Each structure stands twice: as C-alpha cells, then as structure tokens.
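Undergrad: Please see the structure below; I have some questions.
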Amino acid sequence: MRLDWVNILATVIFVSIVVTLILAVASYFAYKVREARRPKTAGELRQEGQMKAFFNQYEPKK
Amino acid sequence: METNKPVVRTPMSPRKQAIISILIILAVVILTVFMFRYPERLGPIAVSALVVTLASFLLLLILRHFVLIWFSFLHQRELSHDEPPEHYPFVSIIVPAFNEAEVIHASLASLLELRYPYYEIIAVDDGSTDGTYEKMREFEGNHYGVRVQVFRKENSGKADTLNYGIRRSRAPIVICMDSDSRLTPDALRYAIRQFTDPNVGAVAGNVKVINRHNIWTKLQALEYIEGLNIVRKAQAFFRSVNVIPGPMGIFRRTAIEGTGGYDSDTYAEDFDMTVKILADGWKINYEPKAVAYTEAPEELLDIIKQRYRWSRGILQALRKQKHLLTRTSGVITTPLSLWYMIFEGLVWPAMNIFSSLFFVYIALMFGMQKLLVMWWLLLTLLDVLIAVHAILMEKEDLRLAAYAVFYRFFYILIIDVTKVFATLEELVGLDMSWGKLARKGRI
C-alpha cells in the first residue's frame, strides 16, 4: 500500500492547529480562573479600601 | 521587577462584561456553524476575497521577515565599524524590586562584576514582604570604588520606584533594570559607546533568556533572539527602537528628565517611556553586546499572564499617546514606530489566528490538502531560516533553531490568542492587576 504523505501531513497540521487553538483558549480561561481565585495582594486590598492593619503604629509621647 | 499598582481604567460592570462576552462567543459559534454547514453559500466572491486576504498575509509575512533581516544586517554592519568610547562617563544603575528575594542576590552580585571603571548602584525596595530588603542590605556600602545604596519605601509600583531611584542618582547616564535580570560583565562598556552620538537619548540592551530548562523557556529564548532582538536591530538602523526593555534600558539623564520620569498610568511603563523619549526628538539605539539575562516564566499559564500584561500595557500606552499617531511635525519615525506597534500588537495576532483557521477550513471543506501542506512548509522553512540567521548573528546556541518548527504553529499561536483576548478586554475596559510572576531563582 502506498502512503499518501500529503494527506498524512495535512492531517497532522490540521490536528495540531486545532489542538493548539483549543489549548490556547483553554489555557487563557484557566489563567483567568487562577487569577480570580488567587488571594488579593496588599496593593489590591489597599486600592479597594479593604486593607486592614494588624497593628497600630506606636508613636512615643514627646 | 514586578509590583502591584492601581488599575488604569474604570472597569465595566460585570453585567455588561458578561453580555459582551456572550455576544462574541455567539457570533463566533454562528459563523463557524454557517461556514461548515453551508460552505457553498459563501459564494465564489467571498471565497476569492478570503483567498486574496490570505495571500496578502503570506506576502506581508515574507516581506516583513526580509525587511527585518535586511535592516538588522545593516545595523550589525554599522556596529562592526564602531570604535570603543574615548571616555567612560559615570553611570547610575537603578534596581527596583518588589518581592524578589529569590533573585535579588544574583542580580546585585552581577552588577559588582561589571568591567566598567566608574558607576554606582541604587537598589530600591518597593515595600517587599519576602525579605528582599534584607538581602539588598547585604550589598550596601562601598565595593572597590562602587557605591551601593539601598533604599526602602512603601509599595507604590514599578514606575514610581524607578523615579525614586533616578531622583537619588547622580550620573549623566542612568541604567534602569529589572531585579530578575543579570547583566554580563561587558554590558555597560558596550552600551556606553552608543552615547557618543549626542542625539541618542537611550539605548536598548539585548535581553536573553537564562533559564532554558524546558520547551516553554527554550521557545521564549528563541523568541527573544528571533522575534524581539531582530526587530530591535532593524529599528535601530533608523535609531527608533520602540521598546526599551525593562531588564536593561540605558538612558541619558537629560532625556529621561525631559519626559518627567516614568508614569504609573499604564502597565507597560518601559514602552510608555520609550514613546515619550522618541516624541521629544531623541534617537534610540540598540546595543547587541549589552547583554542582560532574564528569568523567563517556566509554565504556560505564567507566560500567558506575562503576555497578557504586556499586550494590555502597550495598548494603554498607545491610547495615552494616540495624538502622536497623526503628528506631522518632528521626526517621522515616531508615528511610524507607533503604527508598527499597532500592527504587531493588534493586527498581526488576529491575522495569524484567522489565517490558521482559514487554511484549516479550506483544506477541510474544499479538499485542498496540498495547499495546507505547502503553506505550512513555506512558513516553517521561513521561520527556521530566520532563526538560523538570528542565532548566527547573536552567536547563540544553534540547537535552538530546531524549536522554530514549533514556533509559529504552536507557540506564537498561543501567544496570539492571548494577545487577541487581552486586546478585547482592554477595549471593553475589563479590570486587571499587575500579575506578579513567581520567581524560581534561576539567574
């Protein structure tokens, strides 16, 4: 049986492009989900006005 | 260095965001179903139009590559005649850092090994919580004539931290670098030679990936050599480099002060600063021998995070400087650089995805497998040739050229999808944060 290399290569290219695009879109959404779930940084909390101080700064009396 | 700073735009309401996202997804699904269900209804005119578009894309791609190769070659030839500088001016190196305890030691240590006679180091901690400041303090003092000053301030973002360091520096030449980067011993000596031209306001360094451990970092290493540096080299022929990279930017103090310093209103402060310097009429050159090694993200999601921020940051800076796009006075290269950035950032990624999808569609629906194979072979051959050319010019590891096979149809496609999503999100004004990358301490 003679192999049709053009068809095989076309199939490989087709599958790799489609899989890559699916992977790219899925990875992008995975990144968005990960970002949404990560704990907020001090900068973001401060920006949203939710930053709570653990301690009050001590200022010695003069 | 990366840090957190305020979002640039007022975010759109979640309801509006959801409606827009659903509409976009719906449009894509309907179009896809229609194209596969009723290919004959597309009509010969529509198919011809698509084929012409794709042919133009291919032509543009080939043209782009050859133009880049030609001008980068001319720049390289120019450099080979360059003389070393007659004198070495005093240089201040600014190292901003936010939670970079893993890498800050290696970064500062590399600065003490520079073969340069007269410089100072100013390290600024941007309110880190991981012990970065304590590691910086180990370097404070005088090291064989090199004064290292360490400062600590409240977290306020990278742009503000750089300005803080610049204000405390004294030299006529200022280097701004990232704390996850490492300069090679001769980087400074080579960079300085570009300032013999009094019209040069800044010089972009040559950034390379240091952690080439897996396929992602190897692909990024190739991207830095083939994709980013060759573009900078070509732009440098016209003295109009449009991005001075964060890991190594060398500035004339008068140029940086003339712009009023770094602004905190975009996520791409390096691109923003570059545009401001170009707009002031300064030339910006590139020095391939001023090498800085940087730690690239090692996982796919971290790459996406980084590119997402770059894309949105560039769009924010472009929006901010949009008046320059139509500027007719001054040097023509400034608006041209910005238009090129729009092309590379907005048009090119969408065209790349579109062409990939379209060729798959054509091959499937019209039985044109041969065309698909020819297209793939042509582009891959082009990428391999350019990779070899760029690697040889940089005297880099030739084995990286093998990764060019995966470069366009795998890596760049993923990056382009991220760019398109980032563009859409920037256009609808979605909320975003800086996106701190976890360091592995590879530098």
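Undergrad: So which residues in segment B:254-295 are touching a Phe, Trp or Tyr at 6+ places or on another chain (Cβ under 8 Å) and of a type in the set (Val, Ile, Thr), if there are any at all?
TA: B:Ile277
The rows are residues; the columns are (1) buried (at least 19 other Cβ atoms within 10 Å of the Cβ); (2) more than 27 Å from the chain's Cα centre (by Cα); (3) not in a loop (DSSP other than H, G, I, E, B).
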{"position": "B:Leu325", "(1), (2), (3)": "no, no, yes"}
{"position": "B:Glu344", "(1), (2), (3)": "no, no, yes"}
{"position": "B:Pro349", "(1), (2), (3)": "yes, no, yes"}
{"position": "B:Phe359", "(1), (2), (3)": "yes, yes, yes"}
{"position": "B:Leu371", "(1), (2), (3)": "no, yes, yes"}
{"position": "B:Met374", "(1), (2), (3)": "no, yes, yes"}
{"position": "B:Ala387", "(1), (2), (3)": "yes, no, yes"}
{"position": "B:Ile391", "(1), (2), (3)": "yes, no, yes"}
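Undergrad: Okay, moving on. Give just the number: which of (1) loosely packed, with under 15 Cβ neighbours inside 10 Å; (2) at pLDDT 85 or above; (3) at the interface with chain B (Cβ under 9 Å from one of its Cβ atoms) does A:Ile17 not satisfy?
TA: A:Ile17 satisfies every listed condition except (1).
Undergrad: Among the residues of segment B:161-183, what is the count of those that are under 20 Å from B:Asn229 (Cβ atoms) and in a loop (DSSP other than H, G, I, E, B)?
TA: Here the count works out to 3.
Undergrad: State whether the residues of segment B:380-402 include one that is modelled with pLDDT of 85 or more, over 27 Å from B:Gly157 (Cα atoms), within 14 Å of chain A (Cβ to nearest Cβ) and in contact with a Leu (Cβ under 6 Å, 6 or more places away or on another chain).
TA: Checked segment B:380-402: no residue is modelled with pLDDT of 85 or more, over 27 Å from B:Gly157 (Cα atoms), within 14 Å of chain A (Cβ to nearest Cβ) and in contact with a Leu (Cβ under 6 Å, 6 or more places away or on another chain).
Undergrad: Considering every residue within segment B:274-281, establish whether at least one is under 23 Å from B:Ser181 (Cα atoms) and surrounded by fewer than 21 Cβ atoms within 10 Å (Cβ to Cβ).
TA: No, segment B:274-281 has no match at all.
Undergrad: If you don't mind, another one. I'm trying to understand the selection: among the residues of segment B:184-211, which are of a type outside the set (Phe, Trp, Tyr) and either assigned to a helix (DSSP H, G or I) or free of Cβ contacts under 8 Å to residues at least 40 places away in the same chain (or both)?
TA: B:Ala187, B:Leu188, B:Arg189, B:Ala191, B:Ile192, B:Arg193, B:Gln194, B:Thr196, B:Pro198
Residue-by-condition table, conditions (1) under 30 Å from B:Asn229 (Cα atoms); (2) of a type outside the set (Lys, Arg); (3) at pLDDT 80 or above; (4) part of a helix (DSSP H, G or I):
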site: B:Val28; (1), (2), (3), (4): no, yes, no, yes
site: B:Thr32; (1), (2), (3), (4): no, yes, no, yes
site: B:Leu42; (1), (2), (3), (4): no, yes, no, yes
site: B:Ile45; (1), (2), (3), (4): no, yes, no, yes
site: B:Leu54; (1), (2), (3), (4): yes, yes, no, yes
site: B:Leu58; (1), (2), (3), (4): yes, yes, no, yes
site: B:Ile62; (1), (2), (3), (4): yes, yes, yes, yes
site: B:Val67; (1), (2), (3), (4): yes, yes, yes, yes
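Undergrad: If you go through segment B:255-290, how many residues are out of contact with any strand residue (DSSP E or B) (no Cβ under 6 Å at 6 or more places or on another chain) and in a strand (DSSP E or B)?
TA: Within segment B:255-290, residues that are out of contact with any strand residue (DSSP E or B) (no Cβ under 6 Å at 6 or more places or on another chain) and in a strand (DSSP E or B) number 1.
Undergrad: Output the residues belonging to segment B:220-254 that are of a type outside the set (Lys, Arg) and in a loop (DSSP other than H, G, I, E, B).
TA: B:Phe238, B:Val241, B:Asn242, B:Val243, B:Ile244, B:Pro245, B:Gly246, B:Pro247, B:Met248
Undergrad: Let me ask something else. Does at least one position in segment B:89-103 carry a residue that is outside any helix (DSSP H, G or I), more than 17 Å from B:Phe195 (Cα to Cα) and modelled with pLDDT under 85?
TA: Yes: one or more hits.
Undergrad: Among the numbered conditions (1) buried (at least 18 other Cβ atoms within 10 Å of the Cβ); (2) in contact with a helix residue (DSSP H, G or I) (Cβ under 8 Å, 6 or more places away or on another chain); (3) outside any helix (DSSP H, G or I), tell me where B:Arg115 comes up short.
TA: (1)
Undergrad: In addition: Please verify whether B:Leu228 is surrounded by fewer than 22 Cβ atoms within 10 Å (Cβ to Cβ), among the hydrophobic types (A, V, I, L, M, F, W, C) and either on the phi < 0 side of the Ramachandran plot or at pLDDT 90 or above (or both), treating the condition exactly as stated.
TA: yes
The values are calculated or read from the model by the stated rules, or taken from the named source; none is laboratory data. The structure displayed is predicted, hence computed values, not measured ones. Cβ sites come from the backbone with ideal geometry, for glycine too, and all protein chains shown count toward neighbours.
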